[in-house]
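Notes follow the structure.
The values are calculated or read from the model by the stated rules, or taken from the named source; none is laboratory data. Note that the structure is predicted; figures quoted are calculated from it, not measured. Virtual Cβ from ideal backbone geometry, glycine too; neighbours counted across all protein chains shown. Ligands, DNA and RNA are stripped out before the accessible areas are found, and what is left, the full protein with its side chains, is counted by its heavy atoms. Shrake-Rupley method; radii C 1.70, N 1.55, O 1.52, S 1.80 Å.
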Amino acid sequence: MKSWEEYRVEVPEGQAGDWSIARFTVPDAPTIQNLRYAMHGMMTVPPGVYTRLMRKGDWEPMMSDTPAEIASHLGAIYKAKGRVLLNGLGLGMVLKAILAKPDVLSVDVVEIDPDVASLVWPTYAADPRAHLHIADALSITWPREQRWDVAWHDIWPNICSDNWPTMKQLQRRYASKTDWQDSWQRPWVRRLIRQGVGR
């Protein structure tokens, strides 16, 4: 199994529109503030330097490359082969891991925000297997014959029950075009709904 360090991104720091990419440090004795910035999920974040994608006005990152965040995408990374669809670019962490697999032939990445793409895509654009589409994953038009072996949907900023309707919509939309698909944290969101919990 790969170490967490191999999944960390090399996207440079920068800002475009309301979006920014920055490094942040979790010290040996993490502060509450650092943990809030670092965490997605319930894992403690080990000390180290990480990268986060932030939107102006938000108090937590849209995405980070902490072990907790990486762990929440491992299912898609392991499944990826052949032709892959990624709905949502984020930091490009999943894209990086998938492009490292020799049995991946192509990756279509759909990103709705051109500012996010301008910050992140240049790091991955040199790989001829990677193809960027600036569009909405819920309405992009694909050729009728288009198919993928694997599709991974990750268009949500956080985990909450409000994500469920668009998760179901994406699952239906791509059901006939993929051999395997799933959405980021879908089992967790389903659990929140069953328990009657919002965020």
(message) Taking each pair of distinct Cα atoms in the chain once, what is the resulting Kirkwood hydrodynamic radius in Å?
(response) 17.3
(message) Modelling each spin label as a point 7 Å along the Cα-to-Cβ direction, I'd like the Trp142/Gln169 distance in nm, to one decimal.
(response) 1.7
(request) Mind jotting down the three principal axis lengths of segment 79-176 based on Cα atoms? Whole angstrom, largest first. (result) 35, 30, 23
(message) Taking all protein chains in place and a 1.4 Å probe, what share, in percent, of the accessible surface of the chain do carbon and sulfur account for?
(response) 53
(request) Return a single number: how many Lys pairs in the chain, at a sequence separation of 8 or more or on separate chains, have alpha-carbon atoms below 19 angstrom apart. (result) 11
(message) Quick check: pseudo-label points 7 Å beyond the Cα along Cα→Cβ at Thr25 and Leu74, how many nm apart are they?
(response) 2.9
(request) Using DSSP, restrict attention to beta bridges with both residues in segment 62-175 and report what percent are antiparallel, rounded to the nearest 5. (result) 0
(message) Starting from 0.36 nm per residue, how many nanometres of slack lie between Trp4 and Arg190 once their C-alpha separation is accounted for?
(response) 64.2 nm
(request) Run a plain Debye calculation on segment 49-95 (Cα atoms as equal point scatterers, no solvent) and give log10 I(q)/I(0) at q = 0.18, 0.29, 0.32 Å⁻¹, rounded to two decimals, same order as the q list. (result) -0.60, -1.18, -1.29
(request) Relative to the longest principal axis of the C-alpha atoms of the chain, give the angle of the C-alpha long axis of helix 164-173, reported between 0 and 90° and rounded to the nearest 10°. (result) 30
(message) At 1.4 Å probe radius, can you tell me the per residue accessible area of the chain in Å²?
(response) 50
(request) Note down the accessible area of Trp121, probe 1.4 Å, to the nearest 10 Å². (result) 30
